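S.K.: For reference, the structure I am asking about is given below.
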Amino acid sequence: MTTVKTLLEIPELRLRLRTGAGQLGRAVSRIYVTELPDPSRYVLAGEVVLSGLLWWREPGDAAPFVAALARAGVAALAASGADTGGIPPDVVQACAQHRIPLLEVPADLSFAVITERVVLELAAARGREPSGARKRLLAAATEDISLPALLRQGAIELGAPCWVLSGTGRVVAGTAEPPEDLVAHFVPGREVTVHDGYALMPVGGSFAVPWLLAVAQPDPDELAAELAELVRLARARADQVRRMSGRAAEPLLQALADGGPVGDSFAASGLPVEAEIRVLLARAPDDGPALAAEVLAELLADARPLVGVVGADAYALVAGPGNWMRAAGEALTRLDRLMSLSRFHLGSGGPASVDGLHGATQEARHAVELAARRGGRIELVAGEDIAVHQLLAAGAPDELRRSVRARVLGPLLAYDAAQGTDLVHTVRVYLECSSSPTAAARALHVHVNTLRYRIARASELLGVDLNDFVTQVDVYLALLVTV
């Protein structure tokens, strides 16, 4: 049996015990990498959780993270303080409080090396020496953490082409051209889905967007499952890099969100100064900005976006040409079948030069607010598709919107409520038909004289002339500003 004490005694890992000396006899089932602030949905009893502490921002962040590990019954937390200036004191305190052994990972030690050594130790403890093929796969994962290299070795060992596919339909990596739309045939919840001679296996991990390992074999063996596990670890390492890149982008994104100067922060972002840039803003009201950022990064992966979180919003900056909103919409349609997003709203602004980034950000913010007001579970709105009057209406604060609506439409709203009529709808259709009684009557399926009577009654209630152009603009904007 492999225990926490066993791992401490592996000399090449150089792990240092920070707290939990009384719990070193805990059995270890596997190793699991995560950087989620709340890993509770993914961790299991007996796991050693390996983390670079990218979720830690300030004192107090450790308590909920470690509490989630304790509830799951994990064996230990192995943490690297390379990006936090050492292990933060509140991480040590939280582990001591919840009786979780804390193993400090040397800053110069790769997670790939730790993973390989722990996997080998677990295999030996189970009484089965890893096969030559398995050893070669582990060596490939350690020596070259790129997915293409790992899949090339996997295809050699399996004797069959293989691919990693995103739930969006994107080919993340592969050894040949995959069959078209394999992801559409995957059955969520199954360990293996077989379709037309191909096996689809989920790549696990604490990720919102699922990845699948596809192998050109109808009956994959244990080695394929091992390859899926190594893909999971490679993805976790890549996700660490993405999160670190997001941290580097935070000053620029914060400046865009606050309306502050972007000069120095833009120069540090690595974005090309001469490029036209689109701003995309995503909100997942029920799941939080970290999940929204992961989904956004996956939707736009081919564009190599700069992704980060500011407050409740996830931002992506994309340089260069491309209809990224259309691509994101198509990817979300595929993804919706495989994942459990309850609500996801996406808006875009631009393209814009550096000097126009603030305007593009405002446009993206108004677009995502309009997407939210549409009421659908998943909504996308491109700023360039919003009419000017809609854009102006979307930018008004909720308090102002309520005030304008009540002041301009109050008598009409009260009349409809009291009489059970819908003159508000009649007025809106009339204005959207360019004030044409004939066209509006046709749209409402009423006689034109009935339409004229209703508009006259609405004008009387509002105390205005609905045939006056300026009045029409005021009334129509008030009709748009629903809260």
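S.K.: Working out 0.36 nm times the residue gap between ARG374 and ARG326, then minus their Cα-Cα distance, what length gain in nm do you get to one decimal? Let's see the in-between values first.
M.R.: Details: separation 48, 0.36 × 48 = 17.28 nm, distance 1.81 nm.
Taking ARG374 through ARG326 to full extension adds about 15.5 nm, to one decimal.
S.K.: Please label the shape of the stretch 251-327 as rounded, prolate or oblate, based on the square roots a ≥ b ≥ c of the eigenvalues of the alpha-carbon gyration tensor (a/c under 1.5 means rounded; beyond that, a/b larger than b/c means prolate, else oblate). Don't jump to the answer; show the numbers that get you there.
M.R.: Values: a/c = 2.19, a/b = 1.16, b/c = 1.88.
Oblate, since a/c reaches 1.5 and b/c is not below a/b.
S.K.: May I ask you to compute the full-extension gain from VAL429 to ALA456, defined as 0.36 nm times their residue separation minus their alpha-carbon distance, rounded to one decimal in nm?
M.R.: 8.3 nm
S.K.: To continue, here is another question. Skipping prolines and chain starts, which residues have an amide H placed within reach, meaning under 5 Å, of the one on VAL203, given they are 5 or more residues away or on another chain?
M.R.: Amide H neighbours of VAL203, under 5 Å, 5+ apart: TRP211, LEU212, LEU213.
S.K.: Tell me what the chain gives for mean residue ellipticity at 222 nm when only DSSP H runs of n ≥ 4 count, each as -39,500 (n - 2.57), the sum divided by the residue total, rounded to 500 deg cm²/dmol.
M.R.: Result for the chain, helices only: -14500 deg cm²/dmol.
S.K.: Still on this structure, I have one more. Taking only protein heavy atoms into account and a 1.4 Å probe, give the accessible area per residue of the chain in Å².
M.R.: In whole numbers, the chain has 45 Å² accessible per residue.
S.K.: Counting alpha carbon pairs within less than 8 Å and at least 6 residues apart, what relative contact order, in whole percent, applies to the chain?
M.R.: 9 percent
S.K.: Contact order normalised by length for the stretch 249-321, with contacts defined as Cα pairs under 8 Å and 6 or more residues apart; what percent is it?
M.R.: Details: 103 pairs, mean separation 26.4, N = 73.
Computed over the stretch 249-321, the figure is 36 percent.
S.K.: Given H placed 1.01 Å from N in the peptide plane, which residues other than close sequence neighbours of SER29 have an amide H under 5 Å from its amide H?
M.R.: The answer is GLU47, VAL48.
S.K.: Please report how far the C-alpha centroid of the stretch 215-263 lies from that of the stretch 88-110, rounded to the nearest whole angstrom.
M.R.: 23 Å
S.K.: Can you compute the radius of gyration and Dmax for the stretch 409-457, using only the Cα atoms, both in Å?
M.R.: Computed over the Cα atoms of the stretch 409-457, radius of gyration and Dmax are 10.5, 28 Å.
S.K.: Let me ask something additional. How tilted is helix 448-462 with respect to the longest principal axis of the chain? Cα atoms for both, answer in degrees (0 to 90, nearest 10).
M.R.: Approximately 80 degrees, to the nearest 10.
S.K.: Determine the distance separating the Cα centre of the stretch 435-483 from the Cα centre of the stretch 319-347; give it in Å without decimals.
M.R.: Between the Cα centre of the stretch 435-483 and that of the stretch 319-347, the gap is 38 Å.
S.K.: Okay, next question. How many times 2.2 N^0.38 Å is the alpha carbon radius of gyration of the chain?
M.R.: Cα-based Rg divided by the globular estimate yields 1.22.
S.K.: Still on this structure, I have one more. Give me the percent of the accessible area of the chain that comes from carbon and sulfur atoms, probe 1.4 Å, all protein chains in place.
M.R.: 52 percent
The values are calculated or read from the model by the stated rules, or taken from the named source; none is laboratory data. Bear in mind that the values here come from a model prediction, so they are computed numbers and not experimental data. What goes into the accessible areas is simple: the full protein's heavy atoms, side chains included, and nothing from ligands, DNA or RNA. Shrake-Rupley method; radii C 1.70, N 1.55, O 1.52, S 1.80 Å.
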